[in-house]
Every structure is written in structure tokens, then in C-alpha cells.
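The values are calculated or read from the model by the stated rules, or taken from the named source; none is laboratory data. The structure displayed is predicted, hence computed values, not measured ones. Using ideal geometry, Cβ is built from the backbone for each residue, glycine included, and neighbour counts are taken over all protein chains shown. Areas reflect the complete protein model, heavy atoms only, side chains present, ligands, DNA and RNA absent. Shrake-Rupley method; radii C 1.70, N 1.55, O 1.52, S 1.80 Å.
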Protein chains: 2
Amino acid sequence: MSSDHKTGLQLRSLIKKSGELELSLAEVAKPEPDADEVVVRVEASPINPSDLGLLVGAADMSTAKASGTKDSPVITAKVPEAAMNAMAGRLDESMPVGNEGAGVVVKTGSSDAAKALMGKTVAMIGGAMYSQYRCLRVSECLPLPAGITPAEGASCFVNPLTALGMMLNKICLKDGISLVNIVRSPEQAEILRKIGAKHVVDSTSPTFMDDLTNALVETGATLAFDAIGGGKLAGQILTCMEIAANRSAKVYSRYGSSVHKQVYIYGALDPRPIELNRAFGMAWGVGGWLLTPFLQKIGPAEIARLRQRVVSELKTTFASHYTQVVSLQEALQLNHIAVYAKRATGEKYLVNPNKGR
Amino acid sequence: MSSDHKTGLQLRSLIKKSGELELSLAEVAKPEPDADEVVVRVEASPINPSDLGLLVGAADMSTAKASGTKDSPVITAKVPEAAMNAMAGRLDESMPVGNEGAGVVVKTGSSDAAKALMGKTVAMIGGAMYSQYRCLRVSECLPLPAGITPAEGASCFVNPLTALGMMLNKICLKDGISLVNIVRSPEQAEILRKIGAKHVVDSTSPTFMDDLTNALVETGATLAFDAIGGGKLAGQILTCMEIAANRSAKVYSRYGSSVHKQVYIYGALDPRPIELNRAFGMAWGVGGWLLTPFLQKIGPAEIARLRQRVVSELKTTFASHYTQVVSLQEALQLNHIAVYAKRATGEKYLVNPNKGR
């Protein structure tokens, strides 16, 4: 197959000290696997919000301009002065992008474990997936069952493991765990109800605090995951949890309920500061939540169990839906960037670095 | 000794549904110990901020009025309407007060362990210490070594165990642990420097953020205990910890440093909402901190170790200094209430329920 190619393309993101973002395709040598490694021809890699953060960084994509050629496009855009501080750690460094993906093993190292993967479709996590070839250790590959395509296996890690880590709606439904969904519009509430969500409350409703308290009394939930971050939401959740806990409390304690109430913040849809009004006693916590530290904490055995669950439910619970499949060159076209950089619900891109090759 | 008395006085705090606080002395029967219990004649019990919270609750003590007699004083004060919600759990319930104290065992149950304590000076925690007699289980008594008076042993628990839990200045100095002290005035900074504190930063200084960052680089501290609570301080601490962590970081991560940064909030000197600006990556936590859940978490063996340390350092590290020793009646005099309800640094009261008896 593509074993004739001596090189492969790799998408790169560079933010220069001058305040300019540059996206381009680098031609890199096809990697040579060590004994315990394999080379994968990447055929599918999603563009997740976590990828966009590295891909475009703090650049203002409304200033994006295209140059270069059709085969080797270049995109440039301005990074606002005020945002350059936050980019200090990556300046003048050409960085590969793409957290996860799937493809076919086209070359292997000399170990038996590596050889056993030859020709197999595998899922991968580890960065640099917007590349035509990706070399990685056997232990980093998740072999997919027969009948699963690279496109179907492209999103095995980031979203499924995050959702499992937090136990989101479809998983809670399947496992019979009570979940309260908080959304920011009647339309979003409707979408969730249609896929079977039982408790959906709308933070824009005038009865939000009462609705949330009632749902928390009914479910007993004391753990929340918050993608909004800024504003009063985290404090409102803790306040309603405290009211719910005190409805069943037998003894007065001036420090509030002894039930620990926790909100993990994993996104920043609202960039304002988090405001906590402290109407929820002393048994509370608010903190950041990221997938990688979570996985480090639960350890290899539990990770393996979660991965196995993802693989076995790839066509059901964890099926991803993509609205576009693009090549590396297409990923650097302004018309596509304008769509995927919006991170809109219902628009999801898949990169196939070997599309049309 | 006082075994002639059939009854003893007990200080009570009552908040009525009508919005009135009433402090009074109740005459209660001298308790009869069960086999494994002892009766202690309480001779010393401090007035800590945690006691004031229960004693005066949300009442506005500027409205306090005295009535009753010299032997049986009564204090009344108004609870502001807006604060009555927070008092809902204790309305119309006459509550004893006083978290900890020390005294002499004057009567025991029939068990050998109880009998062994007869005449001994013991420290106690468990509430209702502003009482002339307190009955409790042998296991709840901490026998004090010969040469320790009830006044010296009155504060064995709340402040020493809280300080040990957080490892505050004197303990850190003794144990060689790097500590950064944050204060709110040059005067407070001076007090701490005089008792040997190495890193003291003043949050009212224009160079606060730089001073704090430098102290955090020098100490490597990633854990903070915050008595202020409201406003920006907790977020500023996390921000400086993040800057300090990134000074030594080798690899760029757009999620910020992977070093977990934690602020525990154990007080509310500033009643405004907590404002977190989120300039500190994703590896962070903010949460409430209380002594009792902390002790439950570390378990009996570790608690015993901490208690033993307190007892052996009662005259040095954990020595408490009281500016006034008052009887139960004196504790209900307006001139004394005006002083101890201020919670001012340098003014600390000790109640001796058997003073002058």
C-alpha cells in the first residue's frame, strides 16, 4: 500500500513572537518503528474543542488569510496583544496537532506484539494525529474489533473517557444512575429530553433555583461537572445542593450540612470570573477537571476497563457523528476553518490525513 | 468538694421565632454518670470564634440589653430580619454552648477506667462546656499531666488541632516546613516576623502579587488555608502558585501547569462572594475546611498522635494567653460581651463556670 512513500505530511501550528499564527503542512520523514513500535497510516482524527485550543490558540480567526498552494496551503491570523501572555509557553515552536485518531498499521517493529498488529485497525491517543503517518508504542494502540472502521474508531478516547469519567447522560441512563442536566435554553432542554434525559433544568428559567433544588432532592446528587465555569452557576449548584441536603437533615449545625458537595469545572464557556456566594456551609469543593490527571489517578487496570467499554459500545453509546470528512489540505481552507472553529453544536469535523491519497 | 451541690448552672442561647436572642443561665440537675462516664467540674473553657457563632448567632449585639438579676442575668438582642433564614435550624431551641474546656473529675461511674480518673484534671471537647458540671465518657476525656492547670489545658482541641491540621507558623517553624504567611496590614506582618516567621506578605501592599509569587517560588508551597474567604484572595493565591509552578515547567501545556494547587477556606472574615479569575490552569481546587471532618478523615490513631503532641507542648507551642477569666454570670455582662464579641486579636476570654463558687 503506501509503503512506497518515504515521507508524509503533518499539520503544524506555530505562534510567532511577532503575534502571528501560522498553520501549514510540513513534509516529515516516514517514521522507522523500534522493536516495540508500529507505524499507523492515520485515516481519521476528529477536531475536538481540545484540538482547537492548540490549533488556533488565542488567534482571532476573523483575521485569517490563506496563502501557499493548493497542495501546501498556509493560513495566517493575528493573535491579539492581550492574549500573547497566555501563549508564552509555545512561542516560535512549530507544534503538531491532533489528540486522537485511528488508522491502519502499515509497518511494525521486530517484537511479536508489534508484528501481531500488522494490517490491523487501531485507535490511538497521544497528539500529532493530523499526520499521514504516526509511530507509537504497541501499548499505546487500542486494536479495534473487525467491522469497526477508522472513522468509527477515531473518537475512542477524549469524549468517551471524559463522559465515562463524569458519567454523562447516555451512560447514566444505561447504568441507571440519577443525573440532573443543566442547560442554558429551552431548545437544549428539548434535545436532552428527546434522548431520554429525566431531569433537565434550564438556568435561564425564572424558576431555575427551585427546579434545580427539587431535582437534587429527587436524585440526591452532590457531585456536578460544569462546562460553563464563569459567573454564578457553580455557586448556585452548591447552594441548591445545600438546601436539598438540609431538607433531610435531623440536627442543626451552624456550619451547614455535613454532606460534601463538589463541583468540577472542565470548561470555560463563560470567561468571566467564578463567583461563589458561600450560602452552602463548609463541606464543599470547587476544582478543575481534566481527563489526563483523572486517568492517572484511576490507574491502568481501571483505564483498561473503561477503554474496553468504549470499544464494545462504539456503535451505540459512544457513536460519534461527523458532518464533514476533510483532508489535511482541506482542513486548512478558510471556508472549513470558519465552520469548525465555531465549535457549534451539531457541526463536527473528522480529518482523514490520507484522504484521496 | 462540690459534691454537696445537687444542681449546676449552664449557659443557654435561645433564638426565638420572634427574632430575639436570649442568653441566660439554666439550673440543671447535676448529672449521674453511667458506668463508663465521669462528671467533671468545669473550671476553664475558652470563648473561641466558633463558640461565638453559636452563642450570639446572627444577633446584632449593638442592640443587646441586660435584665434578670446579678445571680441570674439575662441578655436579649435583636436578630436582623434578613439573617433569620440562616437561623431556621435552631429556632426556639435552648442550646448549651462551649466547645471545649478542662476541669476536675468529681464523680465517676463504676468501671475501672472511670474510677481511675477520680480527682484528675482532664481536657474535654464536645459542647455544653459553659456548665458547672459536664458528664462525658471516659474516652472523651484527655487526662492532663501533673502540673497542668485547667486554665492551661482549656484550649487543647479547637485551635491546636486546627493549627496542626493546617500546619501553621509555630508548628512549621518547629518542624522545619516552609510556610508563607499572608496578612492584611504591615502591623500584622510585624507581629509574625517577631515570632520568627520567615515569609510574610501583606495583601494590602502594591507589590503583593510579586511578593507572594517570589515567596511561593522560594517555598514551593501549593497548599493554602484562607480565613478571609470573600473577594479575590483565593484566586490571587492560585494565580501566584501557577506563575511560580510555570517558572520551573519544562513543557508547554495549554491547560496550565499540571501541579495541583489547593486553597482551603476555613473562615469568612470577608463576607463578600469568593471571586476566582481562573488564571491558573485546570489543576486546582478550592473548598471548605472544618476541623471535625478533617479529624474523621485522619482516623483515631492519627488523632491520638496529634492530641499527644498538644499535651506535650501545652506550655510552649500550644500555650494560650487569656486576657480575662470570667464566671458564667460575668460572661453575660454587657461590658464583657462588648469586648469578646469583637473577636479582636489580642483579646481572649476564658470562662470558669465554677469561679468564686
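Here is a check on your reading of the model: is B:Thr207 of a type in the set (Val, Ile, Thr), more than 12 Å from chain A (Cβ to nearest Cβ), in contact with a Cys (Cβ under 8 Å, 6 or more places away or on another chain) and free of Cβ contacts under 8 Å to residues at least 40 places away in the same chain? Before the answer, list the steps.
Working: of a type in the set (Val, Ile, Thr): yes; more than 12 Å from chain A (Cβ to nearest Cβ): yes; in contact with a Cys (Cβ under 8 Å, 6 or more places away or on another chain): no; free of Cβ contacts under 8 Å to residues at least 40 places away in the same chain: yes.
Considered against the rule, which asks whether it is of a type in the set (Val, Ile, Thr), more than 12 Å from chain A (Cβ to nearest Cβ), in contact with a Cys (Cβ under 8 Å, 6 or more places away or on another chain) and free of Cβ contacts under 8 Å to residues at least 40 places away in the same chain, B:Thr207 comes out as no.
In this entry, B:Val122 is excluded by the filter for residues that are open to solvent by 20 Å² or more (accessible area, probe 1.4 Å), farther than 23 Å from B:Gly53 by Cα and assigned to a strand (DSSP E or B). In the set (1) in contact with an Asp or Glu (Cβ under 9 Å, 6 or more places away or on another chain); (2) part of a strand (DSSP E or B); (3) within 22 Å of A:Ala151 (Cα to Cα), A:Ser13 fails one condition alone, (3). Scanning region A:27-42 for residues that are assigned to a strand (DSSP E or B) and open to solvent by 20 Å² or more (accessible area, probe 1.4 Å) yields A:Glu27, A:Val28, A:Ala29, A:Glu37, A:Arg41. Here A:Ser155 passes the criteria (1) out of contact with any Asp or Glu (no Cβ under 7 Å at 6 or more places or on another chain); (2) within 24 Å of A:Leu55 (Cα to Cα) except the one numbered (1). When B:Ser50, B:Ser24, B:Ser45, B:Ser13 are checked against the criterion of being under 30 Å from B:Ala227 (Cα atoms), open to solvent by less than 30 Å² (accessible area, probe 1.4 Å), more than 14 Å from chain A (Cβ to nearest Cβ) and out of contact with any Cys (no Cβ under 9 Å at 6 or more places or on another chain), a single residue qualifies: B:Ser45. The residue that is farthest from A:Gly230 (Cα to Cα), counting only those in region A:272-281 that are open to solvent by less than 30 Å² (accessible area, probe 1.4 Å) and not aromatic (Phe, Trp, Tyr), is A:Gly281. Would you check if A:Ala102 is free of Cβ contacts under 8 Å to residues at least 60 places away in the same chain, open to solvent by less than 10 Å² (accessible area, probe 1.4 Å), touching a strand residue (DSSP E or B) at 6+ places or on another chain (Cβ under 9 Å) and under 25 Å from B:Arg254 (Cβ atoms)? So A:Ala102 does not fit the description; no.
With the structure loaded, tell me whether B:Val325 is touching a strand residue (DSSP E or B) at 6+ places or on another chain (Cβ under 9 Å), in a helix (DSSP H, G or I), farther than 22 Å from B:Asn181 by Cα and among the β-branched types (Val, Ile, Thr) or whether it fails that test.
Considered against the rule, which asks whether it is touching a strand residue (DSSP E or B) at 6+ places or on another chain (Cβ under 9 Å), in a helix (DSSP H, G or I), farther than 22 Å from B:Asn181 by Cα and among the β-branched types (Val, Ile, Thr), B:Val325 comes out as no.
State the number of residues belonging to region B:283-310 that are among the β-branched types (Val, Ile, Thr), within 17 Å of the chain's Cα centre (by Cα) and more than 10 Å from chain A (Cβ to nearest Cβ).
At the first step, the residues of region B:283-310 found to be among the β-branched types (Val, Ile, Thr) are B:286, B:292, B:298, B:303, B:310.
Checking the rest, the ones that are also within 17 Å of the chain's Cα centre (by Cα) come to B:292, B:303, B:310.
Then drop every residue that is not more than 10 Å from chain A (Cβ to nearest Cβ), which leaves B:303, B:310.
Within region B:283-310, residues that are among the β-branched types (Val, Ile, Thr), within 17 Å of the chain's Cα centre (by Cα) and more than 10 Å from chain A (Cβ to nearest Cβ) number 2.
Restricting region A:236-266 to residues that are assigned to a loop (DSSP other than H, G, I, E, B) and among the basic types (Lys, Arg) leaves a set whose member that is least open to solvent (accessible area, probe 1.4 Å) is A:Arg254. Any residue that is among the charged types (D, E, K, R) and modelled with pLDDT under 90 - is there at least one of those in region B:122-143? The answer is yes; a qualifying residue exists.
With respect to being open to solvent by less than 40 Å² (accessible area, probe 1.4 Å) and either more than 10 Å from every other protein chain (Cβ to nearest Cβ) or more than 21 Å from A:Thr162 (Cβ to Cβ) (or both), A:Leu269 falls outside the description. B:Leu295 meets all of the listed conditions (1) in contact with a Pro (Cβ under 9 Å, 6 or more places away or on another chain); (2) more than 27 Å from A:Ala58 (Cβ to Cβ) but one, namely (1). Residues of region A:65-74 include none that is open to solvent by less than 20 Å² (accessible area, probe 1.4 Å) and hydrophobic (A, V, I, L, M, F, W, C).
One line per residue, one yes/no per condition, for (1) within 26 Å of B:Ala197 (Cβ to Cβ); (2) hydrophobic (A, V, I, L, M, F, W, C); (3) open to solvent by 50 Å² or more (accessible area, probe 1.4 Å):
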position: B:Ala283; (1), (2), (3): no, yes, no
position: B:Pro293; (1), (2), (3): no, no, yes
position: B:Lys297; (1), (2), (3): no, no, yes
position: B:Ile303; (1), (2), (3): no, yes, no
position: B:Ser312; (1), (2), (3): yes, no, yes
position: B:Ala319; (1), (2), (3): yes, yes, no
position: B:Val326; (1), (2), (3): no, yes, no
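Considering only residues of region A:174-211 that are within 21 Å of the chain's Cα centre (by Cα) and assigned to a helix (DSSP H, G or I), which is nearest to A:Glu302 (Cα to Cα)? Taking the candidates together, the pick is A:Leu192. Within region B:249-259, how many residues are closer than 19 Å to A:Tyr266 by Cβ and within 8 Å of chain A (Cβ to nearest Cβ)? Going through region B:249-259 one residue at a time, the tally reaches 4. Taking A:Asn246, is it free of Cβ contacts under 8 Å to residues at least 40 places away in the same chain and at the interface with chain B (Cβ under 8 Å from one of its Cβ atoms)? Judged against the criteria, A:Asn246 is a match.
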